[in-house]
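Beneath this line is the structure, given in structure tokens, with notes to follow.
Read the figures in this text as sums done on the coordinates, not as results from a lab. Here the structure is a predicted model, which means the values were calculated and not measured. Heads up, the Cβs are rebuilt from the backbone with ideal geometry, glycines too, and the neighbour counts pull from every protein chain shown.
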Amino acid sequence: MILVLAYSAVLLSFFSGLLGLMMHQRRHILLFSQHWFKKFPSDNSSQSVLTGCLEARRFPVLLRQAVFVLLGLSGVFAVLAGLSVLIGKEVVTDQLSLGLPWLPWHVRFDCLSGFFFLIVGIAVSAVSLYGPGYVNSYQENQHPFAILSLFTGLFVAGMLLVLLADDAFFFMIAWELMSVASYFLVAFQHENSANRRAAFLYLLMAEVGALAIILGFGVLASFSDGFTFDALRASHLSTTWASIAFMLALLGFGMKAGIVPVHVWLPEAHPVAPSHISALMSGVMLKVALYGLIRFCFDLIGDVQWQWGVVLLILGTISALGGILYAMMQPNLKRLLAYSSVENIGIIFMVLGLSMIFMSNGHPQLAALGFLAALFHAFNHALFKNLLFLGAGMIHHQTHELNIDMMGGLIKKMPKTSVLFLIGCMSISSLPLFNGFVSEWLAFQTALQVDVLDNGVLRSLIPVAAAALALTAALAAACFVKVFGLIFLGQPRSHHCDKAHEVQDKGMLAGPALLAGLCFLFGIFPGPVISLINGVSGQLLGETLPNDAALGWLWLAPVSANQASYAPPLVLIGALIAGCISFWYLRRNPATALRISETWDCGFGGLTPRMQYSSSAFTMPFRRIFAKVWIIDEQIDKDMQGAMNQDVAAVHYHLQIQDHSWPRLYHPIEHAVNKLAQLVGRIQTGNIRVYLGYSFATLLLLLWVIS
């Protein structure tokens, strides 16, 4: 029954993509139906009904809605399948008569797969509600819905198949389906050169990462009897070869996850894709890459080394801190959210590194705590990052703007969107009462157990990483104060924002509302999700949190109640009591009663949008403190006039911030590849005698090798 639900989710996503092609083939279907009725006559009523439906103007609308209904059902079945296997703690296997003659596709559905099925299912369900209203803004002749729906269905199906794969061949087929389908989604608006460049960069890095993953599987397969995951689990690797396999997997899966320094595709690809696709890529696809790394290291290799944990800890710390600093400098909303994903993936890698360190040093329960914190933050990030990307899509849909400096005042124009976006901002800023706080609190609790380690280097390194995590959380709060303040508060900075209004499509509000409700629900009652993840830890690591950890609905004490505990319902009750007292006091005392009045304009005779803080002005103190983190090109040009050019007529401010990864890493690689191509190009002399010489030399070499 569980596999039936999982297979149904995959097939429904496939069918949703295929159904979208019907819109492109409507004319052919109409001609076929007319030919059918001529060949097999029937009553005129049936013929007129079918022909009328196909020719009606509402047919594309109904078909578009049907595509998203199938996609939503796929998400619902994925959620049901994930919950079923997590609650039952089962391991279900199967074989499909596909693949190679000697290697059919092997399927395994366990708690780890079920947990990520749950993540994918929730996100896809929200997108299915949001999508019909959002895609109405695309013109069919320029951006065919058939292309968008086909590759969206294949993209979702590819992610689900990755989670089901139980052999290396099936895994890579599903992985490539996911990557190639998402490439076409990134390049959907291909008339823009930026989109084509971002899509090419994404595909290039995706294929390099896939090659690294194949090599990692190859290392395991060379010490085993086959390519099935059961055979790979039984392989006996030396520490050196296991470390080589780990580094290859880290490169491949880390490149897809967006870990620094192989993250550069992410802020290029996510902003140019349609917003609901950006939500799936940032909120879900990155988690599938995380799943691959966990499956490879904790399951297939099994015997993790503390040195691997140190590598993940360092890379995660750099990614978390660097990601949020780069996000803070971005004026483009979707680009900012993309860099924020780098930050959150860094946090997940940090805690996974701590889990590896504790496991290798003989502390399995603390390893389980780190593993639980990493998976819970992955779950939470999928919720609030999907919410924020869908919110960005609603803002772009109504204002035709993504530049934060051109927005403002939208809280009065789009009040419902502002509330939903505010919940996403508070969740990603790890504020109490929302889900982001719980997972980061668990991450801190993991790092605070460093005193059980005997290694002095680790006892010094982990507190530094914890301090960096605290700084990251503070910077994230500042970053999203900037985002919400500049977008929704103040006065409109552009005509589009001044004329904006709330979205009329109820589905575009229902999808983000679902995610916002889950962010608040799991911030107050995290116990059920933590219990499910505890089952994943028990099945994969063979260890769970202690029974006295009080993982109930009221108290959360991951280590013990004597060391640290957190009670979200009590915090909520305290906040409500404080709010009621404050409200009563303000209403009771007329001198402190709330009143609406004009903002003080300092005597200048009225405020204008030009007087408001810009994105670069808000982040200027951070830019001065962390100047070495970026490559900054800041110029102030003045237009002078009057006698001897003494009067300033206008001031032009230019600010360009670049990622260090490009000049330090990728530009040297680009130059080396171009140089190598020029050297290889010299063999193309255009002389037939030289080519015959190449053939003769190759023939002699082959004869010598074979003999």
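Taking Lys and Arg as +1 and Asp and Glu as -1, the other residues whose beta-carbon sits under 12 Å from that of Asn332 total -1.
Taking a straight Cα-Cα cut-off under 26 Å and skipping sequence neighbours fewer than 8 places away in the same chain, the lysines within cross-link reach of Lys506 are Lys334, Lys385, Lys412, Lys413, Lys416. In plain terms, the chain is cut at each of the GluC sites (Glu not before Pro) found in a DSSP loop with at most 16 other Cβ atoms within 10 Å, and the longest leftover piece is 192-501. Can you bin the stretch 118-196 into rounded, prolate or oblate? Criterion: square roots of the alpha carbon gyration tensor eigenvalues sorted a ≥ b ≥ c, rounded for a/c under 1.5, prolate for a/b above b/c, oblate for the rest. Verdict is oblate for the stretch 118-196.
Taking the helices alone, the chain has a mean residue ellipticity at 222 nm of -22500 deg cm²/dmol, built from -39,500 (n - 2.57) per DSSP H run of at least 4 residues and averaged over all its residues.
What shape does the stretch 662-706 take by its C-alpha gyration tensor, where a ≥ b ≥ c are the square roots of the eigenvalues and a/c under 1.5 counts as rounded, a/b above b/c as prolate, and the rest as oblate? Oblate is the answer for the stretch 662-706, as a/c is 1.5 or above yet b/c matches or exceeds a/b. Each of (1) 99, 86, 49; (2) 115, 108, 46; (3) 98, 80, 72 is a candidate for Cα extents along the principal axes in Å; the one calculated from this structure is (3). Between Leu679 and Leu204, the FRET efficiency from the beta-carbon distance, with R0 = 22 Å, is close to 0.55. Here the Karplus relation 6.51 cos²θ - 1.76 cosθ + 1.60, evaluated at θ = phi - 60°, turns the backbone of the stretch 61-70 into coupling constants of 5, 5, 5, 4, 5, 5, 4, 6, 5, 4 Hz, with x for every Gly and Pro. Taking a sphere under 14 Å around the Cβ of Phe68 and counting the other residues whose Cβ falls inside, with K and R at +1 and D and E at -1, yields a net charge of +1.
Within the stretch 600-707, the trypsin sites (Lys or Arg not before Pro) that combine a DSSP coil assignment with at most 12 other C-beta atoms in a 10 angstrom radius are Arg682. Residues in the stretch 103-120 carry Karplus couplings, in order, of 9, x, 6, 9, 10, 9, 10, 10, 5, 5, 4, x, 5, 6, 4, 4, 4, 4 Hz; the curve used is 6.51 cos²θ - 1.76 cosθ + 1.60 with θ = phi - 60°, and Gly or Pro positions show x. At full extension, Trp662 and Asp647 could sit 1.4 nm farther apart than now, given 0.36 nm per residue minus the alpha carbon distance. Residues His276, His363 in ascending order of nearby Cβ atoms (within 10 Å, fewest first): His363, His276. Extension gain for the segment Leu471 to Arg689, taken as residue separation times 0.36 nm less the Cα-Cα distance, is 71.8 nm to one decimal. Using θ = phi - 60° in the Karplus curve 6.51 cos²θ - 1.76 cosθ + 1.60, the 3J(HN,Hα) couplings for the stretch 329-339 round to 8, 8, x, 7, 4, 6, 5, 4, 5, 5, 5 Hz; x is entered for Gly and Pro. For the stretch 314-423, applying the loop criterion from DSSP together with a ceiling of 11 other beta carbons within 10 Å to the trypsin sites (Lys or Arg not before Pro) yields no site. Among Tyr694, Tyr183, Tyr202, a tally of other beta-carbon atoms within 10 Å of each Cβ gives an order, fewest to most, of Tyr694, Tyr183, Tyr202. Where a ≥ b ≥ c are the square roots of the eigenvalues of the C-alpha gyration tensor, would you call the stretch 260-407 rounded, which needs a/c under 1.5, or, failing that, prolate if a/b is larger than b/c, or oblate? Taking the square roots of the gyration eigenvalues as a ≥ b ≥ c, the stretch 260-407 is prolate.
Taking label positions 7 Å along the Cα-Cβ direction at both Asp230 and Leu521, the computed distance is 3.8 nm, reported to one decimal.
Charged neighbours of Phe622, selected by a Cβ distance under 13 Å, balance to +4 (K, R count +1; D, E count -1).
Taking the number of Cβ atoms within 10 Å of each Cβ as an exposure proxy, the fewest-first ranking of Thr239, Thr228 is Thr239, Thr228.
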